[in-house]
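The values are calculated or read from the model by the stated rules, or taken from the named source; none is laboratory data. Predicted model only: the values in this text are computed from it and were never measured. Positions of Cβ are backbone-derived with ideal geometry, glycine not excepted, and every protein chain shown enters the neighbour counts.
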Ligand code: HDD
């Protein structure tokens, strides 16, 4: 096989079927002569049991749905490739991370956590970031989120946490939101969540695009090299476009205007060849340094500050192909933290340990049995052989008489292989201890890193966090819960807690002793680390019947910067020789990163609609540009992020938001 052939795509080819120009048949291949009328006893008579065509069609339809994922139900995925920059054999023997330029096919699914399959994309929520690497040594799944820590420390609390955040069980309200009593009741009573809640209340929870968010493995894993030397590791995905977010008012409006906003953004960027990219990085701690930190490195509510433990970049992932069929690929994809390859191992992180059970278990109900690994999207590209047999939907036809180990009838095959021949060997960690239901004291500091996060934020980020808390707690009906949460966050920052209290009508918290730390980690601030670039930002180019600029030139300039342009006017059709894609009614300013106006309107009602559109963009701190003679925008002249020519517009657009307005 040629080196550059994507082996997963080759494999999937065998399963793809096009129905185009084919005769209609039953599932048995029988050609159908008629598909609009059931078989009846007389034209006005009852349908006959004999109608096998009707029965087959209806039965299949009746069974079309499978259970949605219990969490992360709403998601979207794409295929791609991961390529190493340099050989990482010094830290791991995983072959897909060894060698320079080693390419591995991947499938990545992004998701929200709380909402149902049909919920909106732009809700305030954590985003899932799950990657399946189809390696030559078996599938490796890195099942992460866009936030580096988690709500709980021990997996046994996961069902409780999920019950609290999901819609309340009596009335199934609210959908895809944490702004309700049970979520915040859980938080107040499970204070290990403090650090995660700080991230959740930050702009990280309302990403501008899946392409513009980081990914984190969250849990602590272990990398082992060929000599058996081990490091604890945390995985990171760093987006080439930088981390960017929506603003909350905008996110809520988008949920109505385009609930598929993130899904569409991912799909369209891949279709136009603007492939999303991330670099994979690792933070490494030699096993012998396990206890040399002020936090427990097995605690999933803690980051390893990047200033203390730098991220080493290993390679780049590019998503370059959309799925052919959402159900077959995205919906049936089954990720599992236990899908590892030699060179990648686990730690005793109690959250990870529980995850190791849950993922396969959930696929059994969701995908209907133990053969989900045979579904094309889940199938490894390397051969797999064992003595597992049968079960619902079994595809493989295992030949031969033997399905047990050990045997002599088949020469004792399939047989285990040694570590040196690629056999997976668990890291031999020495363990001893009492069998206890307990948590280590080293897991009991819940506030230091929550405070570190707060102290690392810029003033604008702090303001957004206060606003998010105030919104969420403002939706909580029970005043005692509001108070408990305010008191809880006084342990993080008195300024934060009292600002929230003031907004939600709660008496200010009692000043408590906060962790002494003044430590910050600038790496956690998305504003400090902002990447200024206009690449793949979307601009609404408002065209009027007397647009004064040369639209050809204007479009060419914007497109040359990889800006996505949509022409918007008062009606569709051809205007000034251009096809108008959207009207001020069919689209909305919230769907763009910037607005550029090319002329004035003849009618005042048209002008006022345009003004509404532009002023909404202005309120959301977006870049506005206009041709100099557009008099109805003169009141915005010289305002921050408002440009009266194209060059300044592009320059301002690179900043994404203009917070001081
Ligand atoms: Fe989980 C799905 C990420 C903790 C149990 N999880 C799921 C998905 C992502 C994560 C991205 C969606 C995968 C997909 O696209 O199909 N989960 C995380 C992260 C966690 C985490 C980063 C914290 C470090 N999860 C976690 C715990 C448990 C689970 C503690 C249970 C013990 N997660 C599941 C699950 C899901 C799942 C029930 C639902 C659907 C699925 O697995 O396939 O098994």
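Among the residues of the stretch 168-179, some residue qualifies, meaning at least one is more than 9 Å from the ligand (Cβ to nearest atom), touching a helix residue (DSSP H, G or I) at 6+ places or on another chain (Cβ under 7 Å) and within 23 Å of residue 301 (Cα to Cα).
Restricting attention to the stretch 75-85, does a residue exist that is within 16 Å of the ligand (Cβ to nearest atom), closer than 26 Å to residue 361 by Cα and in a loop (DSSP other than H, G, I, E, B)? For the stretch 75-85, residues within 16 Å of the ligand (Cβ to nearest atom), closer than 26 Å to residue 361 by Cα and in a loop (DSSP other than H, G, I, E, B): absent. Within the stretch 290-321, the only residue that satisfies the criterion of being within 16 Å of the ligand (Cβ to nearest atom), in a strand (DSSP E or B) and touching a helix residue (DSSP H, G or I) at 6+ places or on another chain (Cβ under 8 Å) is 319.
If the condition is being buried (at least 24 other Cβ atoms within 10 Å of the Cβ) and more than 16 Å from the ligand (Cβ to nearest atom), then the stretch 105-123 contributes only 122. Summed over the stretch 269-288, the residues that are in contact (Cβ under 8 Å) with a residue 12 or more places away in the chain, over 26 Å from residue 529 (Cβ atoms) and assigned to a helix (DSSP H, G or I) give a count of 2. Any chance the stretch 528-537 includes a residue that's without any contact (Cβ under 8 Å) to a residue 12 or more places away in the chain and surrounded by fewer than 17 Cβ atoms within 10 Å (Cβ to Cβ)? Looking for residues that are without any contact (Cβ under 8 Å) to a residue 12 or more places away in the chain and surrounded by fewer than 17 Cβ atoms within 10 Å (Cβ to Cβ), one finds none in the stretch 528-537, hence no.
Conditions (1) within 9 Å of the ligand (Cβ to nearest atom); (2) outside any helix (DSSP H, G or I); (3) at pLDDT 95 or above; (4) surrounded by 21 or more Cβ atoms within 10 Å (Cβ to Cβ), marked per residue:
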position	(1), (2), (3), (4)
336	yes, yes, yes, yes
339	no, yes, yes, yes
342	no, yes, yes, no
354	yes, no, yes, no
357	yes, no, yes, no
361	yes, no, yes, no
365	no, no, yes, no
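Would you mention how many residues in the stretch 327-363 are touching a strand residue (DSSP E or B) at 6+ places or on another chain (Cβ under 6 Å) and within 30 Å of residue 64 (Cβ to Cβ)? So the count comes out to 6. Looking across 265, 249, one residue alone is surrounded by 21 or more Cβ atoms within 10 Å (Cβ to Cβ) and assigned by the TED database to the domain that holds residue 147. It is 265.
Applying the set (1) crowded, with 24+ Cβ neighbours inside 10 Å; (2) within 12 Å of the ligand (Cβ to nearest atom); (3) not in a loop (DSSP other than H, G, I, E, B) to residue 198 leaves exactly one unmet item: (2).
Checking the stated criteria, residue 425 turns out not to satisfy the condition of being more than 26 Å from the chain's Cα centre (by Cα), without any contact (Cβ under 8 Å) to a residue 24 or more places away in the chain and part of a loop (DSSP other than H, G, I, E, B).
Total residues in the stretch 622-639 satisfying the condition of being touching a helix residue (DSSP H, G or I) at 6+ places or on another chain (Cβ under 9 Å) and outside any strand (DSSP E or B): the figure is 6. Contact annotation: residue pairs with Cβ atoms under 6 Å, 6 or more positions apart or on different chains, pairing a residue in the stretch 342-367 that is within 18 Å of residue 424 (Cβ to Cβ) with a partner that is assigned to a loop (DSSP other than H, G, I, E, B) and within 7 Å of the ligand (Cβ to nearest atom), are 352/219.
In this structure, residue 613 does not qualify as part of a loop (DSSP other than H, G, I, E, B), farther than 17 Å from residue 534 by Cβ and assigned by the TED database to the domain that holds residue 558.
When residue 153 is tested against (1) touching a helix residue (DSSP H, G or I) at 6+ places or on another chain (Cβ under 7 Å); (2) in a loop (DSSP other than H, G, I, E, B); (3) away from the ligand (no atom under 16 Å from the Cβ), just one condition goes unmet, and that condition is (3).
Checking each residue in the stretch 24-34 for being exposed (fewer than 10 other Cβ atoms within 10 Å of the Cβ) and either assigned to a loop (DSSP other than H, G, I, E, B) or modelled with pLDDT under 95 (or both) picks out 27, 28, 29, 33, 34.
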